[in-house]
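Asks: Please see the structure below; I have some questions.
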Amino acid sequence: AACSLVLKVCLLLSRTLEYLMRHLACPAGSCSATNMPAKNLAIVWVPNLFRSQQEEESACASGRAACMELQRQSDVVEFITDHTDVLFCSSSTSGIGDGAGERPPAGALS
């Protein structure tokens, strides 16, 4: 039962990540119109997606280390955004970016 729960949670997290990355890939794919390439989107979204390990360590943690951590996290989000179709097989949830603001069908996440 516990293993089943872990797999269900991992599936939900994976679907959530895929949904968010497909959503971010839409404006990144139209960066000439939106002026928001994947790099800019990553910079904006990283503080909301990741918890800083610097906060959990000592209060004396250097600002430089925090900036380096944000840069690494931003690079990861940029990479995932740029390679969404490859990382999340493009046919698995086609059109997810088109309905980004819509609710998933009833029972879709259960």
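The values are calculated or read from the model by the stated rules, or taken from the named source; none is laboratory data. The model shown is predicted, which means the values in this text are computed figures rather than measured ones. Backbone-built Cβ (ideal geometry, glycine too); neighbour counts: all protein chains shown.
Asks: Taking helices (runs of 4 or more DSSP H) that do not extend beyond segment 1-50, which have at least 1 residues that are modelled with pLDDT of 90 or more, farther than 20 Å from L70 by Cα and under 15 Å from the mean Cα position of the chain (by Cα)?
Replies: So the answer is 2-29.
Asks: Report every pair of residues separated by at least 6 positions or lying on different chains whose Cβ atoms are under 9 Å apart, first residue within segment 9-25 and surrounded by fewer than 18 Cβ atoms within 10 Å (Cβ to Cβ), second modelled with pLDDT of 90 or more.
Replies: Close Cβ pairs satisfying both conditions: L17/I80.
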